[in-house]
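Q: Got a structure for you, questions after.
The values are calculated or read from the model by the stated rules, or taken from the named source; none is laboratory data. All of these numbers come straight from a predicted model, not from anything done at the bench. Because the Cβ atoms are built from the backbone with ideal geometry, glycine has one as well, and the counts that use them run over all protein chains shown.
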Amino acid sequence: MRHAFIERATLETQIKVSIDLDGTGKASLDTGVPFFEHMLDQIARHGLVDLDIKANGDTHIDDHHTVEDIGITLGMALKEAVGDKKGIQRYGHAYVPLDEALSRVVIDLSGRPGLVFNADFTKGAIGSFDTELVYEFFQGFVNHAQVTLHIDCLRGHNAHHQAETIFKAFGRALRMALANDERMAGVLPSTKGAL
C-alpha cells in the first residue's frame, strides 16, 4: 500500500523513481553514477525499502544535477508513499560504524524541510564522485520529502567509509521512522493534529 512512482524531467535530467516503503531492501539502480548507486543501495538494504531508480542526466558536465535531482525525486516519492502518516513512529535514529568511521542520523517525518549536515570528508572525491554531492542529495531530499534530518559523521579517515556510514545510518533511521506502531493505529503522531 505504501508505494509511489514519480517521474521528473528538466533540461538537465530525466528521473524515474519507484519506492515501496514495505519492501525487502531490493534496489534496481541505473543512474550513470556508480559510487552513488552503491550509496542508494545502502538506503534500500538498510531501510528495507525497495527502490527502482532510473536517471539520465548531463553527467558529461558533472554528476551534480543527476545526484541532486535524484534526491528531489526520491523525496517527492517518499512524501507520496508515506501517505497520511497515521500510525507511524515518525522519528528515527541510528548510529552506524564502518571500521574507523562512525555516523549518526536522526530523522523526523515532520512535514517541515530542514537539514543539519556535519561531515568533514577527508577527501574531496571518492573515485570520480565529488563528496560535496552527499550534501546536495540530502538537501534535495529533505526539501521535497518535507522531513527534518540531522546528519553527523562523528569520525573517520577513509572518505568512502564516511559516506557509507551516512547512507547506512540514514536507511536505518528511515526504517525506524516509517515503522508502524500498533498502539498508534489510525492516530497521527502529533499533538497539533497535522504533519
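Q: When both residues are 6+ apart or on different chains and their Cβ atoms are under 7 Å apart, which pairs have a first residue that lies in segment 21-33 and is on the phi > 0 side of the Ramachandran plot, and a second that is part of a strand (DSSP E or B)?
A: Gly32/Ala55; Gly32/Gly57
Q: If you don't mind, there's one more thing I want to ask. What tally of residues in segment 112-162 results from selecting those that are touching a Cys at 6+ places or on another chain (Cβ under 8 Å) and either under 17 Å from Leu40 (Cβ atoms) or hydrophobic (A, V, I, L, M, F, W, C) (or both)? Full working, then the answer.
A: First, pick out the residues of segment 112-162 that are touching a Cys at 6+ places or on another chain (Cβ under 8 Å): 118-121, 162.
From what's left, either under 17 Å from Leu40 (Cβ atoms) or hydrophobic (A, V, I, L, M, F, W, C) (or both): 119, 121, 162.
Looking only at that region, the number is 3.
Q: Same structure again: Evaluate the following for Phe36: is it of a type in the set (Phe, Trp, Tyr), surrounded by 17 or more Cβ atoms within 10 Å (Cβ to Cβ) and within 25 Å of Ser128 (Cα to Cα)?
A: Numbers: of a type in the set (Phe, Trp, Tyr): yes; surrounded by 17 or more Cβ atoms within 10 Å (Cβ to Cβ): yes; within 25 Å of Ser128 (Cα to Cα): yes.
Criteria met by Phe36.
Q: If Asp99 meets every condition in (1) in contact with a His (Cβ under 6 Å, 6 or more places away or on another chain); (2) more than 17 Å from Lys168 (Cα to Cα) apart from one, which number is that one?
A: Every listed condition holds for Asp99 apart from (2).
Q: Exactly one of these conditions fails for Arg183: (1) over 22 Å from Ala44 (Cα atoms); (2) surrounded by 14 or more Cβ atoms within 10 Å (Cβ to Cβ). Give me its number.
A: For Arg183, the failing item is (2).
For every residue, the table says whether it meets (1) surrounded by fewer than 23 Cβ atoms within 10 Å (Cβ to Cβ); (2) polar (S, T, N, Q); (3) more than 21 Å from Glu132 (Cα to Cα); (4) touching a Lys or Arg at 6+ places or on another chain (Cβ under 7 Å).
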| residue | (1), (2), (3), (4) |
| --- | --- |
| Val49 | no, no, yes, no |
| Asp62 | yes, no, no, no |
| Gly83 | yes, no, yes, yes |
| Gly87 | yes, no, yes, no |
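Q: Okay, moving on. From the list Ile15, Ile6, exactly one residue is in contact with a helix residue (DSSP H, G or I) (Cβ under 8 Å, 6 or more places away or on another chain), closer than 24 Å to Ala179 by Cα and modelled with pLDDT of 95 or more. Which is it? Give the derivation first.
A: Working: Ile15 fails: closer than 24 Å to Ala179 by Cα.
Going through Ile15, Ile6 in turn, just one is in contact with a helix residue (DSSP H, G or I) (Cβ under 8 Å, 6 or more places away or on another chain), closer than 24 Å to Ala179 by Cα and modelled with pLDDT of 95 or more: Ile6.
Q: When residues of segment 83-125 are filtered for being of a type in the set (D, E, K, R) and without any contact (Cβ under 8 Å) to a residue 40 or more places away in the chain, how many remain? Step through it out loud before you land on a result.
A: The initial filter retains those residues of segment 83-125 that are of a type in the set (D, E, K, R), namely 84-86, 90, 99-100, 104, 108, 112, 120, 123.
When the remaining residues are screened for being without any contact (Cβ under 8 Å) to a residue 40 or more places away in the chain, the result is 112, 120, 123.
Of the residues in segment 83-125, 3 are of a type in the set (D, E, K, R) and without any contact (Cβ under 8 Å) to a residue 40 or more places away in the chain.
Q: Still on this model: Name the one entry in Thr66, Thr73 that is among the hydroxyl-bearing types (Ser, Thr, Tyr), crowded, with 22+ Cβ neighbours inside 10 Å and over 23 Å from His160 (Cβ atoms).
A: On the way: Thr66 fails: over 23 Å from His160 (Cβ atoms).
Among Thr66, Thr73, only Thr73 is among the hydroxyl-bearing types (Ser, Thr, Tyr), crowded, with 22+ Cβ neighbours inside 10 Å and over 23 Å from His160 (Cβ atoms).
Q: Being out of contact with any strand residue (DSSP E or B) (no Cβ under 8 Å at 6 or more places or on another chain) and assigned to a loop (DSSP other than H, G, I, E, B) is the filter here, so list the residues in segment 55-68 that pass it.
A: Residues of segment 55-68 that are out of contact with any strand residue (DSSP E or B) (no Cβ under 8 Å at 6 or more places or on another chain), as a first pass: 59-61, 67-68.
Hits for segment 55-68 are Thr59, His60, Ile61.
Q: Also, I was wondering about something else. How do the pairs read when you match residues in segment 59-82 that are over 10 Å from Gly140 (Cα atoms) with residues anywhere that are basic (Lys, Arg), using Cβ under 9 Å and keeping only pairs 6 or more apart or on different chains?
A: Pairs that qualify, where the first residue is over 10 Å from Gly140 (Cα atoms) and the partner is basic (Lys, Arg), are Ala81/Arg2; Val82/Arg2.
Q: Now for a separate question. Consider segment 108-136. How many of its residues are in contact with a Ser or Thr (Cβ under 7 Å, 6 or more places away or on another chain) and not hydroxyl-bearing (Ser, Thr, Tyr)? Spell out the reasoning first.
A: Residues of segment 108-136 in contact with a Ser or Thr (Cβ under 7 Å, 6 or more places away or on another chain): 108, 110, 112, 114, 121, 123-125.
After this cut, where a residue has to be not hydroxyl-bearing (Ser, Thr, Tyr) as well, the list is 108, 112, 114, 121, 123-125.
Qualifying residue count for the region: 7.
Q: Which residue out of Ser128, Ser190 is surrounded by fewer than 22 Cβ atoms within 10 Å (Cβ to Cβ) and at pLDDT below 95? Please lay out each step first, then the result.
A: Details: Ser128 fails: at pLDDT below 95.
The match here is Ser190.
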